[in-house]
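Peer 1: Handing you a structure now.
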Amino acid sequence: MDKKNTMLLTVIAVATLLVAVVGATFAYFAISTDKGASSKTTITGSTENTKVGSVALKGNEALTMNLTAEDMALTHADHTFYANESGNATMDTEEKITVGTVTLSGSDTGIVYSCKAVYKVTYDDSDVINAGGITWEEDDAAVLKLYGADGNVTVTEDDNYTSAGLKLIDLKTAAATGKTVNVTFKLTGGTSETAILQASLGIKNSQSEQQDRLAGKKFKVNLEATSFECDTVAS
């Protein structure tokens, strides 16, 4: 009986150990999201041989553009103006402004993460005095474009967003609903631990009618990360 009891206890102990190991292997990490002023996702946990780090997204930004009468003067016809960091306009030099940053910390070298964010893009010209704000026309060359600072950031092209960008007339029509854009950030522990999303806001001084409508006007485009989730992937 003693031998049988000993054997039974041994089997139970081994089975318990196997369950613990399998549980540790598949309960890989937990994700929590805080959608505040800076939306973020934190990944915590570990397996027997690897340490999973934490990933944070800074995801709420706005691009402001103030077009002066000089910008829209006839002498600058056919020139394109881009919003810069100060909220003013730079002529003929595309300014790519950081609107989303994902950072990875505390991860073992070589672990690859794929993080997917959904951005809501909205337009605001509420500071414009005249009722209804700025009137945009379909053929206005007024566009917001999104870029990855390097190959670790990919902006998905779909029905909402194409490589041609988002027209301001469409953003204004969308009002508070805005347009959604899907972005994928790839990070690798110990190698590429920061991934950056950039945006440019450009307007071409194209005709006298547009010059009259836009001179001295100010508006902004808001980008808000409404969701963010990460997973580890094969390198």
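The values are calculated or read from the model by the stated rules, or taken from the named source; none is laboratory data. Given the structure is predicted, the values throughout are model-derived calculations rather than measurements. Virtual Cβ from ideal backbone geometry, glycine too; neighbours counted across all protein chains shown. To get the accessible areas, we keep the full protein, side chains included, count just its heavy atoms, and leave off ligands, DNA and RNA. Shrake-Rupley method; radii C 1.70, N 1.55, O 1.52, S 1.80 Å.
Yes or no, residue by residue, for (1) assigned to a strand (DSSP E or B); (2) touching a strand residue (DSSP E or B) at 6+ places or on another chain (Cβ under 8 Å); (3) open to solvent by less than 30 Å² (accessible area, probe 1.4 Å):
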{"position": "E85", "(1), (2), (3)": "no, yes, no"}
{"position": "V99", "(1), (2), (3)": "yes, yes, yes"}
{"position": "V102", "(1), (2), (3)": "yes, yes, yes"}
{"position": "C115", "(1), (2), (3)": "yes, yes, yes"}
{"position": "I134", "(1), (2), (3)": "no, yes, yes"}
{"position": "E137", "(1), (2), (3)": "no, no, no"}
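Peer 1: Suppose we keep only residues that are at pLDDT 85 or above and among the polar types (S, T, N, Q) within the stretch 214-235. Which one would you say is farthest from L166 (Cα to Cα)?
Peer 2: Here the answer is T232.
Peer 1: Continuing with the same structure: Output the number of residues of the stretch 65-75 satisfying the condition of being over 23 Å from the mean Cα position of the chain (by Cα) and crowded, with 16+ Cβ neighbours inside 10 Å. Talk me through it step by step, then tell me what you get.
Peer 2: Pass one, the stretch 65-75, residues over 23 Å from the mean Cα position of the chain (by Cα): 66-75.
Next, from what is left, pick out any that are crowded, with 16+ Cβ neighbours inside 10 Å: 66-67, 71-72.
Residues in the stretch 65-75 being over 23 Å from the mean Cα position of the chain (by Cα) and crowded, with 16+ Cβ neighbours inside 10 Å: 4 in total.
Peer 1: Given the criterion modelled with pLDDT under 90 and buried (at least 16 other Cβ atoms within 10 Å of the Cβ), identify the matching residue among Q211, Q198. Let's see the steps before the verdict.
Peer 2: Details: Q198 fails: modelled with pLDDT under 90.
From the options Q211, Q198, the qualifying one is Q211.
Peer 1: Here's something else I'd like to know. Working only within the stretch 189-203, note down all residues that are within 18 Å of D125 (Cβ to Cβ) and not β-branched (V, I, T).
Peer 2: Filtering the stretch 189-203 for residues within 18 Å of D125 (Cβ to Cβ) gives 199, 201-203.
Correct list: A199, L201, G202.
Peer 1: Please work out if S200 is under 21 Å from I134 (Cα atoms), in contact with a Phe, Trp or Tyr (Cβ under 7 Å, 6 or more places away or on another chain) and among the small types (G, A, S).
Peer 2: Yes, satisfied.
Peer 1: Still on this structure: Scan the stretch 87-97 for residues that are open to solvent by less than 60 Å² (accessible area, probe 1.4 Å) and either in a loop (DSSP other than H, G, I, E, B) or of a type in the set (F, W, Y) (or both) and jot them down. Break it down stepwise before answering.
Peer 2: First pass over the stretch 87-97, keeping only residues open to solvent by less than 60 Å² (accessible area, probe 1.4 Å): 87, 89-90, 95, 97.
Scanning the stretch 87-97 gives G87, E95.
Peer 1: Mind telling me which of the residues K145, K186 ends up being closer than 23 Å to S86 by Cβ, assigned to a strand (DSSP E or B) and either open to solvent by 20 Å² or more (accessible area, probe 1.4 Å) or among the charged types (D, E, K, R) (or both)?
Peer 2: Numbers: K186 fails: closer than 23 Å to S86 by Cβ.
Of the residues listed, the single one that is closer than 23 Å to S86 by Cβ, assigned to a strand (DSSP E or B) and either open to solvent by 20 Å² or more (accessible area, probe 1.4 Å) or among the charged types (D, E, K, R) (or both) is K145.
Peer 1: A further question on this structure: Any chance you could count how many residues in the stretch 214-227 are open to solvent by 10 Å² or more (accessible area, probe 1.4 Å), under 21 Å from the mean Cα position of the chain (by Cα) and either within 28 Å of D92 (Cα to Cα) or free of Cβ contacts under 8 Å to residues at least 60 places away in the same chain (or both)?
Peer 2: If we filter the stretch 214-227 for residues that are open to solvent by 10 Å² or more (accessible area, probe 1.4 Å), which is where we start, we get 215-218, 220, 222, 224, 226-227.
Now drop any that are not under 21 Å from the mean Cα position of the chain (by Cα), which leaves 220, 222, 224, 226-227.
Going one step further and asking which of them are either within 28 Å of D92 (Cα to Cα) or free of Cβ contacts under 8 Å to residues at least 60 places away in the same chain (or both), we end up with 220, 222, 224.
Qualifying residue count, the stretch 214-227: 3.
Peer 1: I'm trying to understand the selection: among the residues of the stretch 173-183, which are open to solvent by less than 60 Å² (accessible area, probe 1.4 Å) and within 17 Å of V128 (Cα to Cα)?
Peer 2: Within the stretch 173-183, A175 is the sole residue that qualifies.
Peer 1: Consider A176 carefully, then state whether it is free of Cβ contacts under 8 Å to residues at least 40 places away in the same chain and among the small types (G, A, S). Full working, then the answer.
Peer 2: Numbers: free of Cβ contacts under 8 Å to residues at least 40 places away in the same chain: no; among the small types (G, A, S): yes.
In short, no.
Peer 1: Let me ask something else about it. Being of a type in the set (D, E, K, R) and not in a strand (DSSP E or B) is the requirement here; does D231 meet it?
Peer 2: Numbers: of a type in the set (D, E, K, R): yes; not in a strand (DSSP E or B): no.
No: the conditions fail for D231.
Peer 1: Another question about this same structure. Just give me the residues in the stretch 156-172 being more than 21 Å from L67 (Cβ to Cβ) and either surrounded by fewer than 18 Cβ atoms within 10 Å (Cβ to Cβ) or in contact with a Phe, Trp or Tyr (Cβ under 7 Å, 6 or more places away or on another chain) (or both), in sequence order. Break it down stepwise before answering.
Peer 2: Within the stretch 156-172, the subset more than 21 Å from L67 (Cβ to Cβ) is 156-164.
T156, E157, D158, D159, N160, T162, S163, A164, listed by residue number.
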